[in-house]
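Read the structure below first, then the notes.
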Amino acid sequence: RLYGSKVRCASASRANYWWGRYSGRRNRRYDRCRLDFVLALEHWDVSTGYDAARCMEEAAPGSDDAKREVAMFTGYLNRPAAAIRLWRELDPDRGLLKHWSDYWGNLAWQYHQLGDYERDLETVREARRRFPQRLGFMLDEARVLAALGRLDDVRALVDTMRSLHGDQLGLALHWVGEYLDNHGHPDVARDLFDQSIAWYRSRPQDTEEE
């Protein structure tokens, strides 16, 4: 699961429309780089997106927005150590980042990619402290607990998901099962897969009128 908002643009023509409308701004280079970035996202061209993000950073030194995009795409290029350094250079308590929960998910995932599970867990728990109701961060914590082999803690976390996110329990059980299976706990994972299937089967079937 990739953390971060993939800014989508409906079409190249829409991006060009906004470029034409706002090309009179003071920092025209930044705007042009930003639009190149949006177009790269539209086609999910990671290499071009990274170059455009770097262009944004060069055009507007000190921009948290630009540095965030560079950090995100550095991670997409499978360079977790470099991505962690860039995320750490940002202040999650400043400006819009204070309300952007994906900062923590992206940082935790890069630690996970490196196999630094202790820092992964520390990061996820900070995310949960700040955003206690977010199911995504509970799943992130389950992922790293599975990697650490802390199965009792995984079970306790699943119980918390049952009480707080019963309406999404089937999906949550499936993802936790995936994490357990990926980290060498197939028997526990199978039990959660069975519970997930049972949950879906117990749900009322939606009917569609023809």
With a ≥ b ≥ c the root eigenvalues of the C-alpha gyration tensor of the chain, is it rounded (a/c under 1.5), prolate (a/b larger than b/c) or oblate?
prolate
For the chain, modelled as a GNM with alpha-carbon contacts under 10 angstrom, which of Thr74, Thr48, Thr123 fluctuates the most?
Thr48
For helix 186-202, what angle does its Cα long axis make with the longest principal axis of the chain, in degrees from 0 to 90 and rounded to 10?
90 degrees
Considering just Cα atoms, how many Å³ per residue does the convex hull of region 97-210 enclose?
132 Å³
First compute the accessible area of region 26-68 with a 1.4 Å probe, then give the percent of it belonging to carbon and sulfur atoms.
47 percent
Gyration tensor (alpha-carbon) shape descriptor, region 60-101, a/c threshold 1.5
prolate
At what distance in angstrom do the alpha carbon centres of region 119-149 and region 62-112 lie from each other?
17 Å
Here the gain from full extension of Asn27 to Asn78, 0.36 nm per residue of separation minus their alpha-carbon distance, amounts to 15.3 nm
In degrees, nearest 10, range 0 to 90: what is the angle between the Cα axis of helix 117-130 and the longest Cα principal axis of the chain?
80 degrees
Length-normalised contact order of region 96-210, Cα under 8 Å, at least 6 apart, in percent, tallies to 17 percent
Let me have the 222 nm mean residue ellipticity of the chain computed from DSSP H runs of 4+ only, each contributing -39500 (n - 2.57), with the sum over all residues rounded to the nearest 500.
-22500 deg cm²/dmol
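The values are calculated or read from the model by the stated rules, or taken from the named source; none is laboratory data. All values reported here derive from a predicted model rather than from experimental measurement. Protein only, heavy atoms only, side chains kept; ligands, DNA and RNA dropped before computing areas. Shrake-Rupley method; radii C 1.70, N 1.55, O 1.52, S 1.80 Å.
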